[in-house]
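Heads up: the structure comes next, in structure tokens.
The values are calculated or read from the model by the stated rules, or taken from the named source; none is laboratory data. Keep in mind that what you see is a predicted model, and the values were worked out from it rather than measured. Every residue, glycine as well, gets a Cβ built from its backbone with ideal geometry; the counts of neighbours run over all protein chains shown. Ligands, DNA and RNA are stripped out before the accessible areas are found, and what is left, the full protein with its side chains, is counted by its heavy atoms. Shrake-Rupley method; radii C 1.70, N 1.55, O 1.52, S 1.80 Å.
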Amino acid sequence: MPAGPEKVVLHPLVLLSVVDHYNRVAKDTKKRVVGILLGELYKGTVDVTNSFALPFEEDDHDPTIWFLDHSYLEQMYKMFKKVNAREKIVGWYSTGPKLREADLDINELIRQFCEHPVLVICEVQPKEVGLPFTAYHSVDEVRTDGTEKAKKVFNSLPTEVGQTEAEEIGVEHLLRDVKDATLSSLAGDVSSKLLALKGLQSRLEEISEYLGLVISGKLPVNHDIINLVQEIFNLLPNMNVESLSKSLAVKSNDMMHVIYIASLVRSILALHKLIDNKEQRLWQERETAKKEKEKAEEKVKKEKEGKEAKDGAGGKDGEAAKDGGKGTKAAGEK
């Protein structure tokens, strides 16, 4: 019996397919779309490499009423299996944006095709900083006091984005028109760090809100979550130690110093390039003016030579006519 999933790795092709499915079927509506995830489960890691859409409908007023065409699912899976036999059904996706009441029933239907299906909820219009998807796996929850029967609940799974070399090239090609080419690499790094800090802030606020609800008695104590929070605090450095704070300050100053020097060098190179361009433009303007002046002088010279040649030809014709008149007069006197 294979072990259950422990982590979900989603490839960019799947995210693009989900967004395309949503834009074709449910854009500008409150509906959600559902599809099947294909990939492999190896040592607890679910590698999701492909997906396909499913015909799905649900009642807006009664969430327990829904329809999923499992016959279409079987036919599509057979065709995908002919193309790539290694890709198997590993779960299903939904555009949520949150878990719904019918998700456990749909998950049980997908369980007919794979033993440990995962549910990936993709946010096509994310409002928070971070990965636009979350993964869940259904488990049996048993009350220790025996007051309730065992029931299925969704547990969250850690997620990450993975890609092959071919996918990386394709994604970079798609994002070429999205990225602002005028921004420097330094500005891109700063914006990435800013987004990361915003994501960290939202997670810390979420932890603080949870702990506040536990302290006020509105939520029961979950020892697994408390242990994870304690591990986070254990990983934090002790800033009260002088040597640690000094070393962190020195490292930060060294990094800022390198960034400052790099900015100066970049500015100097940009000014140098600007001066070179200006000199080249002035040199081209001088060369153009010189050529135009030479052309004008050559044109004037040609016009002058043509006028002199015309004047010379007119003088010769006059002398010849004069000589001819003298000869006619002499012949008349004789």
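Here are the numbers for this structure:
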| item | result |
| --- | --- |
| Residue in region 141-162 that is open to solvent by less than 40 Å² (accessible area, probe 1.4 Å), closer than 19 Å to E57 by Cβ and either of a type in the set (S, T, N, Q) or part of a loop (DSSP other than H, G, I, E, B) (or both) present | no |
| Lone unmet requirement of (1) in contact (Cβ under 8 Å) with a residue 24 or more places away in the chain; (2) open to solvent by less than 60 Å² (accessible area, probe 1.4 Å) for P55 | (1) |
| Within region 77-104, tally of residues that are surrounded by 14 or more Cβ atoms within 10 Å (Cβ to Cβ) and over 16 Å from L37 (Cβ atoms) | 5 |
| Residues that are within 24 Å of D189 (Cα to Cα) and either of a type outside the set (V, I, T) or within 30 Å of the chain's Cα centre (by Cα) (or both), drawn from region 262-283 | A262, S263, L264, V265, R266, S267, L269, A270, L271 |
| Of all residues in region 34-70 being assigned to a strand (DSSP E or B) and of a type in the set (G, A, S), the one that is farthest from E101 (Cα to Cα) | G39 |
| Pair list, Cβ under 7 Å, 6 or more apart: region 79-105 residue more than 22 Å from W66 (Cα to Cα), other residue among the aromatic types (F, W, Y) and outside any loop (DSSP other than H, G, I, E, B) | F80/F52; E87/F80 |
| Within region 65-95, tally of residues that are within 24 Å of V124 (Cα to Cα) and in contact with a helix residue (DSSP H, G or I) (Cβ under 9 Å, 6 or more places away or on another chain) | 9 |
